[in-house]
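Novice: There's a structure below that I have some questions on.
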Amino acid sequence: MSRRSFLAVSGAAGAVVAGAGCDASQKESPPARTHARARGSRIPDPVSFLRTSWSTDPFALCSYSYLAPSPLGVDARTRLAASVGGRLHFAGEATSSLAPASTTGALDSGRRAARAVLASARPGQRITVIGAGFAGLGCARALVEAGMQVSVLEGRGRVGGRVWTERIAGVPAEMGASWIHSWRGGNPVTRLLRQSGGRSLPFDYDSVVGEDEAALDELKPYNEKLDGVDDPDTTSIGDVLPAHPSAALRWAANETYTQEYAAEPGQLAISALDEGTGGRGGDVLLPDGYEALVKYLQGDLRVRTGATVTAVSHNAQRTVVTLKGGEKIAADHCVVTVPIGVLKAGRIAFDPALPEDKQEAIDALGAGLMDKLWLEFDEVFWDRDASSLAWFDHDHPGLWAYWVNGHKAFGKPVLLGFNAGAYAHELAHHTDEQIVAGGMNALRAMYS
């Protein structure tokens, strides 16, 4: 199983209390400490944890985009990427036809938006870039190198957007993107990594314990039916599955689709399975942390953090961005790189309103949700040599179903658990104690 997914983050009280989901005035804090081993338990309690909740993050409202059933099909991304009126431009992973839902797609889209600006802009003109993630930074760097005056506005108190590295047990805990996916074959993020001198660690998806092969076999006949669907753009994967699937089939569908695309099978267009990953080959982790790539990409580029955009107006002569508090920033062009969740929620008012085809594209794309839980322990009690651990909860198929072994990757007693789709939405508003307890219940069921 490959994982093109962005791994989400927002501030969770008692865990990570700052970042994407918090005001710029809030401060980052170290991983929360937990109590000692529960009495009588063979499995130790964690000594610290980090959790995420993208759907409660006002600067994201999702983890990453997915292709929902729609007559637009993959053209939804092309329409979202199109410039409006020659002055207003769009970038971000959701606009990428090359590699949506990835840093590769984000970076490529930002550079594509810069080319769109430069097609009509004159040297020295003022450009406003909204968002300092991979798309915004990539766009701004290209524009500065072309001689433009660029202002980068970021609502969070940090740069990186949905790329953010924390630390747990002394190793990088990726609170945003974790992998470079399909990292060979001209992947622009791989080129960035090599230029920066960063290291890579191949990830072996076949090195997994706990997968239910019988459940995966039960899904195979339905997977084979997907190729024969007449209209994969308007048909969901769920339309091919039985109305009342078995627990095994639900687990296998979660493992195959939900954990990959951050959406339930009934929300995901069949044509989403054909979207690109931006390169070829396997996936790699970054032992030095994704933050090193963010710093390298930013370079000496100045970013104004804590600048929340509430409105964008544009005409044939200029653009005007309005910030929370009323400040207005005029420019010759504006590039919007905010996540699809923010666009769908209408958090930025556009004047004039976005064209109908643009709004249709926003409506046609889904805002997926994947959250995760990092756990640090005093000792390793799980399979040391497996890259990942799978778990089949027969009462709740897909809940706490996938874990990455941080001991194999980083040599530390750390586990990373995932929830996606409906389960992620259900857990988003749970307390830290409930989240940790749920993850530990799964681990104890696996290893007690």
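Novice: Are there any pairs with C-beta distances below 8 angstrom linking a residue in the range 50-76 that is closer than 20 Å to Ala307 by Cα and at pLDDT below 95 to a residue that is of a type in the set (Asp, Glu) and not in a loop (DSSP other than H, G, I, E, B), with the two at least 6 apart or on different chains, and if so which?
Specialist: From the range 50-76, the pairs are Trp54/Asp371.
Novice: Could you give me the residue pairs with C-beta distances under 6 Å whose first residue belongs to the range 145-160 and is under 17 Å from Leu323 (Cα atoms), whose second residue is part of a strand (DSSP E or B) and of a type in the set (Ser, Thr, Tyr) wherever it lies, and which are 6+ apart or on separate chains?
Specialist: Close Cβ pairs (under 6 Å, with a partner that is part of a strand (DSSP E or B) and of a type in the set (Ser, Thr, Tyr)) amount to Ser151/Thr128; Glu154/Thr305; Gly157/Thr305.
Novice: Let me ask another. Can you tell which of Gly266, Gly289 is out of contact with any His (no Cβ under 8 Å at 6 or more places or on another chain), in a loop (DSSP other than H, G, I, E, B) and not charged (D, E, K, R)? Before the answer, list the steps.
Specialist: Working: Gly266 fails: in a loop (DSSP other than H, G, I, E, B).
Gly289 is the lone residue from the list that is out of contact with any His (no Cβ under 8 Å at 6 or more places or on another chain), in a loop (DSSP other than H, G, I, E, B) and not charged (D, E, K, R).
Novice: Kindly provide the set of residues from the range 164-173 that are assigned to a strand (DSSP E or B), within 14 Å of Gly411 (Cβ to Cβ) and out of contact with any Leu (no Cβ under 8 Å at 6 or more places or on another chain), ordered by number.
Specialist: Of everything in the range 164-173, just one residue is assigned to a strand (DSSP E or B), within 14 Å of Gly411 (Cβ to Cβ) and out of contact with any Leu (no Cβ under 8 Å at 6 or more places or on another chain), namely Val171.
Novice: What about Asp393, is it touching a strand residue (DSSP E or B) at 6+ places or on another chain (Cβ under 6 Å), farther than 21 Å from Cys62 by Cβ, assigned to a loop (DSSP other than H, G, I, E, B) and acidic (Asp, Glu)?
Specialist: Working: touching a strand residue (DSSP E or B) at 6+ places or on another chain (Cβ under 6 Å): no; farther than 21 Å from Cys62 by Cβ: yes; assigned to a loop (DSSP other than H, G, I, E, B): yes; acidic (Asp, Glu): yes.
Taking the combined requirement at face value, the residue does not satisfy it.
Novice: Count, please, the residues in the range 262-306 that happen to be among the small types (Gly, Ala, Ser) and either at pLDDT below 95 or in contact with a Ser or Thr (Cβ under 7 Å, 6 or more places away or on another chain) (or both). Give the steps one after another, and end with the answer.
Specialist: Going through the range 262-306, the residues among the small types (Gly, Ala, Ser) turn out to be 262-263, 266, 269, 271-272, 276, 278-279, 281-282, 289, 292, 299, 306.
Subsequent filtering for residues that are either at pLDDT below 95 or in contact with a Ser or Thr (Cβ under 7 Å, 6 or more places away or on another chain) (or both) retains 262, 266, 269, 276, 278-279, 281-282, 289, 292.
The number of residues fulfilling the criteria is 10.
Novice: Among the listed residues Gly176, Gly110, Gly161, Gly157, which satisfies the condition of being closer than 22 Å to Ala292 by Cα, in contact with a Cys (Cβ under 8 Å, 6 or more places away or on another chain) and assigned to a loop (DSSP other than H, G, I, E, B)? First the steps, then the outcome.
Specialist: Numbers: Gly176 fails: in contact with a Cys (Cβ under 8 Å, 6 or more places away or on another chain); Gly110 fails: assigned to a loop (DSSP other than H, G, I, E, B); Gly161 fails: in contact with a Cys (Cβ under 8 Å, 6 or more places away or on another chain).
Answer to the selection: Gly157.
Novice: Then there is this: Within the range 369-396, can you find the residues that are more than 23 Å from the chain's Cα centre (by Cα) and either over 19 Å from Ile168 (Cα atoms) or of a type in the set (Ser, Thr, Tyr) (or both)?
Specialist: First pass over the range 369-396, keeping only residues more than 23 Å from the chain's Cα centre (by Cα): 377-386, 392-396.
Residues satisfying the conditions are Asp383, Asp385, Ala386, Phe392, Asp393, His394, Asp395, His396.
Novice: OK, next. From the set of residues in the range 42-88 that are of a type in the set (Phe, Trp, Tyr) and not in a helix (DSSP H, G or I), which is farthest from Cys139 (Cα to Cα)? Step through it out loud before you land on a result.
Specialist: Step one: filter the range 42-88 for residues of a type in the set (Phe, Trp, Tyr), giving 49, 54, 59, 64, 66.
Retained after the next criterion (residues that are not in a helix (DSSP H, G or I)): 49, 59, 64, 66.
Working: Phe49: 34, Phe59: 19, Tyr64: 19, Tyr66: 23 Å.
Among those residues, the one meeting the criterion is Phe49.
Novice: When you scan the range 252-259, do you find a residue that is in a loop (DSSP other than H, G, I, E, B) and either closer than 21 Å to Ser182 by Cβ or over 17 Å from the mean Cα position of the chain (by Cα) (or both), even just one?
Specialist: Just the residues of the range 252-259 that are in a loop (DSSP other than H, G, I, E, B), to begin with: none.
No; the residues of the range 252-259 include none that is in a loop (DSSP other than H, G, I, E, B) and either closer than 21 Å to Ser182 by Cβ or over 17 Å from the mean Cα position of the chain (by Cα) (or both).
Here is a yes/no grid of residues against (1) in contact with a helix residue (DSSP H, G or I) (Cβ under 8 Å, 6 or more places away or on another chain); (2) polar (S, T, N, Q):
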| site | (1), (2) |
| --- | --- |
| Tyr66 | yes, no |
| Ser70 | yes, yes |
| Ala82 | yes, no |
| Gly85 | no, no |
| Leu88 | no, no |
| Thr104 | yes, yes |
| Arg115 | yes, no |
| Ile127 | yes, no |
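Novice: Considering each of Thr305, Thr235 in turn, give the residue that is closer than 25 Å to Leu193 by Cα and surrounded by fewer than 20 Cβ atoms within 10 Å (Cβ to Cβ).
Specialist: Details: Thr235 fails: closer than 25 Å to Leu193 by Cα.
Only one candidate passes the filter, namely Thr305.
Novice: So the check is Cβ under 7 Å with 6+ separation or different chains; which pairs have a first residue in the range 391-410 that's at positive phi and a second one that's modelled with pLDDT of 95 or more and among the β-branched types (Val, Ile, Thr)?
Specialist: Close Cβ pairs (under 7 Å, with a partner that is modelled with pLDDT of 95 or more and among the β-branched types (Val, Ile, Thr)) amount to Gly398/Thr258.
Novice: In this structure, is Leu193 farther than 25 Å from Cys334 by Cα and surrounded by fewer than 21 Cβ atoms within 10 Å (Cβ to Cβ)? Lay out the reasoning, then the answer.
Specialist: Details: farther than 25 Å from Cys334 by Cα: yes; surrounded by fewer than 21 Cβ atoms within 10 Å (Cβ to Cβ): no.
For Leu193, the condition - farther than 25 Å from Cys334 by Cα and surrounded by fewer than 21 Cβ atoms within 10 Å (Cβ to Cβ) - is not met.
Novice: Among the residues of the range 196-216, how many are over 24 Å from Gly276 (Cα atoms), in contact with a helix residue (DSSP H, G or I) (Cβ under 7 Å, 6 or more places away or on another chain) and either among the hydrophobic types (A, V, I, L, M, F, W, C) or surrounded by fewer than 12 Cβ atoms within 10 Å (Cβ to Cβ) (or both)?
Specialist: Adding up the residues that qualify gives 2.
Novice: Can I ask one more? Checking the structure you have, find out if any residue of the range 114-132 is under 24 Å from Gly341 (Cβ atoms), modelled with pLDDT of 95 or more and among the basic types (Lys, Arg).
Specialist: Initially, the range 114-132 is screened for residues under 24 Å from Gly341 (Cβ atoms), giving 114, 116, 128-132.
Going one step further and asking which of them are modelled with pLDDT of 95 or more, we end up with 114, 116, 128-132.
Next, only the ones that are among the basic types (Lys, Arg) stay: none.
So far as the range 114-132 goes, no, none of its residues is under 24 Å from Gly341 (Cβ atoms), modelled with pLDDT of 95 or more and among the basic types (Lys, Arg).
The values are calculated or read from the model by the stated rules, or taken from the named source; none is laboratory data. No experiment lies behind these values; they were computed from the predicted model shown. Don't worry about glycine lacking a Cβ; one is built from the backbone with ideal geometry, like all the others, and counts go over all protein chains shown.
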